[in-house]
Amino acid sequence: MMVTLKRTTSQDSDFNYLVTLLNKDLAEADGEILHAFYKQFNHTDKYNHIIVAYRDEKPIGCGAIKPFDDNAVEIKRMFVLQDERGKSVASKLLDALENWAKELGYFNCVLETGKKQKAAISFYTSYGYQRIPNYGQYKNIENSLCFKHNIK
């Protein structure tokens, strides 16, 4: 029962299925009002660098990168199905996303996650992601935590 990874775009139906589940998860964790605020920054219709993870041809996780600046990409829409967590799926996804970013000539990855996303915070910091000042639309958002990781 190996995990396989597929590079795709935002048109992928498996990615869109997983993002629907991710949004449901986040709405429950953050509450509807906070989730509605974040949703405006997470439109996936123009993502060109997405990875979907599969086990037995079933989509079990996803993640995306999008250009942030000349040197960095932003990690977006990382998600693994509940029953697949703790099985290295997120690690495989993040490794693949970082490697893709390197192939594209980027040196860093940045990301935002919410303070309530304890597992995500622990995961990213274990990967070497370091807290940075909140950027862009997250600048004055108390619930947001931003991170950066050098990938070169």
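The values are calculated or read from the model by the stated rules, or taken from the named source; none is laboratory data. Not measured: the values here are computed from a predicted model. Here the Cβ is made from the backbone with ideal geometry for all residues, glycine too, and neighbour counts use every protein chain on show. These accessible areas exclude ligands, DNA and RNA; they are computed on the full protein's heavy atoms, side chains included. Shrake-Rupley method; radii C 1.70, N 1.55, O 1.52, S 1.80 Å.
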**Report entry** For His49, residues with placed amide H under 5 Å, excluding near neighbours
**Finding:** Ile65
Query - the chain: calculated mean residue ellipticity at 222 nm from DSSP helix runs of at least 4, using -39500 (n - 2.57) - result: -10500 deg cm²/dmol
Report task. Take every DSSP beta bridge with both residues inside region 5-144 and express the antiparallel ones as a percent of the total, to the nearest 5. Result -> 85 percent
Report task. Would you mind working out the accessible area per residue for the chain, using a 1.4 Å probe, and quoting it in Å²? Result -> 54 Å²
Query raised in the report: So what does Ser126 come to for accessible area, using a 1.4 Å probe and Å² rounded to 10?
Result: 90 Å²
Report summary line: If every Lys and Arg gets +1 and every Asp and Glu gets -1 at its Cβ, then about the Cα centre the chain yields a dipole, in debye to the nearest 20, of 280 debye
Query raised in the report: Given 5 Å bins starting at zero, what is the percent of C-alpha pairs of region 9-152 in each, up to the one with the largest pair distance?
Result: 2, 10, 20, 24, 24, 16, 5, 1, 0
Report task. Report, to the nearest whole %, how much of the accessible area of the chain belongs to carbon and sulfur atoms, 1.4 Å probe, protein only. Result -> 51 percent
Report task. Mind checking which lysines have their Cα closer than 25 Å to the Cα of Lys92? Skip sequence neighbours fewer than 8 apart in that chain. Result -> Lys6, Lys24, Lys46, Lys58, Lys66, Lys76, Lys102, Lys115, Lys116, Lys118, Lys148, Lys152
Query raised in the report: Once you mark the GluC sites (Glu not before Pro) that are in a DSSP loop and have at most 14 other Cβ atoms within 10 Å, what is the longest gap between them in the chain?
Result: 58-141
